[in-house]
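One structure is given below, encoded as structure tokens.
The values are calculated or read from the model by the stated rules, or taken from the named source; none is laboratory data. What you are looking at is a predicted structure, and each value in this text was computed from that prediction instead of being measured. Ideal geometry is used to build each Cβ from the backbone, glycine not excepted, and the neighbour counts take in all protein chains shown.
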Amino acid sequence: MFESLSERLGGVFDRLRGRGALSESDVREAMREVRIALLEADVALPVVREFVEKATEQAVGQNVLRSVTPGQQVVKIVHDALVEMLGAEASDLQLEVTPPAIVMMVGLQGSGKTTTTAKIAKRLTEKDRKKVMMASLDVNRPAAQEQLATLGTQASVATLPIVAGQQPVDIARRALQAAKLQGYDVLILDTAGRLHVDQALMEEMKAVAAVSEPDEILLVVDALTGQDAVNVAKSFSDQVALTGVVLTRMDGDARGGAALSMRAVTGKPIKFVGTGEKLEGIELFQPSRVAGRILGMGDVVSLVEKAAETIKVEEAEALAARMAKGLFDMNDLRSQLNQMTRMGGLSGLAAMLPGVKQVKQAMASGAADDRVLVRMDAMIGSMTPKERGKPEIINAKRKIRIAKGSGTTVQDVNKLLKMHQQMSTVMKKMKKMGGLKGLAGLLGGGGGLGGMLGGGGPGGMPPMSGPGGGLPGLPGNTQGLPPGFENFLKKR
């Protein structure tokens, strides 16, 4: 998400950072480019105007222009203005009420409302340990109630039994009674949508709201509709007492105008964003982290959280023990590649890591994508157990066999072996440097991420401030990737 805006703003600020001193005209010219970039990203004009005026006023202040690093100061001002525009603080669901807490989902048909209902229910069940029930009030769209029941089965969340012919208000009453009697913490009501905003839709929502008295009314909007998403949100906000917005398909929205405009236009916080089709594909909207991604600063906090969720403790501990001995074979490399896949692949990592330009450029040009990880795993899978344990025995004949078995080339196999050799060398050097304790302690003993990123540093994720924006303390690694990984991506 935000790829085109991030690239455009990155170019503007790279030029600012490259200058030792800035004049007022330099700053104003940069802000004009920021204005154009935001408009091209489909951000609402009034929002852009207010944003640029506020940021320019602060950026041309004498304290900024006379500072030692004026370029960095301007970037910080824009970052802070972005955070303020996006809502400053993350806004989770307010469920601290007498159970059951009622969450009402509204929106147009096709916005992903039913799937989002199941995603939120799954998140509440697994992360917040809530007992959740879902109920479909959509009697207009064919099989809408059956769809929610199917998603409930997949997410292991209870759904209200379907009674044919029952109307939305009656379903809401029955759902509320069932949730109270059966001791549910949260009841999520998935209301009907329409192809456009109409009075019938609004009246039905008001009637359901009057019966259920929801604690949260969430508007689900498709981010890919761009400026129209903002218009829809404003229409609903004027009619219904919304408490928040959920933007779906944010992973496919390269511009991000809807997200940047939504809070300013509606006054309602963006609570969640949909980031994929799977039921796990939903994230709490974090304004400061999103601003960091847009300005190319990465989102290391989200990366660490995702790693903590996906790292398998047994695997991490076993790898940490081997690394402490300076050991690192193909099985270990495969474990790290699988970890990268679980964390969202190259695209997911590139979005959260600052300074990983090699991967971002390769993926933007189509030269590399997440299939790289699949090919690497296939090559390791084509090796015999002995070859995986002792890669040094792989000769020319074996390389040909591995390449044929994995549908790759001998050149690919050579690159993989070279990458493994470089990573293995780093592990041995780390052992000699006495830095493995910090490496293995990453994320509370999660050596998995440490090996994947080639990072070290006692007590957790190191600062992303080494040469070239990568991880400090490691020889030959300047891009925050496993040593040799960027070479593997070349000429693909």
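Some notes on this structure:
- Condition broken by A144, with the remaining ones in (1) modelled with pLDDT of 90 or more; (2) closer than 23 Å to A207 by Cβ; (3) aliphatic (A, V, I, L, M) satisfied: (1)
- Every pair of residues 6+ apart whose Cβ atoms lie under 6 Å, when the first sits in the range 120-137 and is touching a residue at least 12 places away in the same chain (Cβ under 8 Å) while the second is part of a strand (DSSP E or B) and acidic (D, E): S136/D190
- Test: residue in the range 95-107 that is acidic (D, E) and either in contact with a strand residue (DSSP E or B) (Cβ under 6 Å, 6 or more places away or on another chain) or over 21 Å from L279 (Cα atoms) (or both): yes
- Taking the range 152-264 as the region of interest, the helices (runs of 4 or more DSSP H) fully inside it that hold 3 or more residues being under 28 Å from A44 (Cβ atoms) are 199-212, 227-239.
- Pairs where the first residue, in the range 392-418, is free of Cβ contacts under 8 Å to residues at least 60 places away in the same chain and the second is part of a helix (DSSP H, G or I) and among the aromatic types (F, W, Y), C-beta under 9 Å, 6+ apart: D412/F488
- Positions within the range 374-405 being of a type in the set (G, A, S) and either outside any helix (DSSP H, G or I) or within 31 Å of the chain's Cα centre (by Cα) (or both), in sequence order: A378, G381, S382
- Yes/no for M133 being within 12 Å of L187 (Cβ to Cβ), more than 25 Å from the chain's Cα centre (by Cα), in the same structural domain as T243 (by TED's automatic domain parsing) and part of a strand (DSSP E or B): yes
Residue by residue, here is whether (1) aromatic (F, W, Y); (2) closer than 19 Å to T341 by Cα; (3) surrounded by 14 or more Cβ atoms within 10 Å (Cβ to Cβ); (4) modelled with pLDDT of 90 or more holds:
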residue	(1), (2), (3), (4)
D370	no, yes, yes, no
R375	no, yes, yes, no
M379	no, yes, yes, yes
T384	no, no, no, yes
E387	no, no, yes, yes
N395	no, no, no, yes
I402	no, no, yes, yes
M419	no, yes, yes, no
M423	no, yes, yes, no
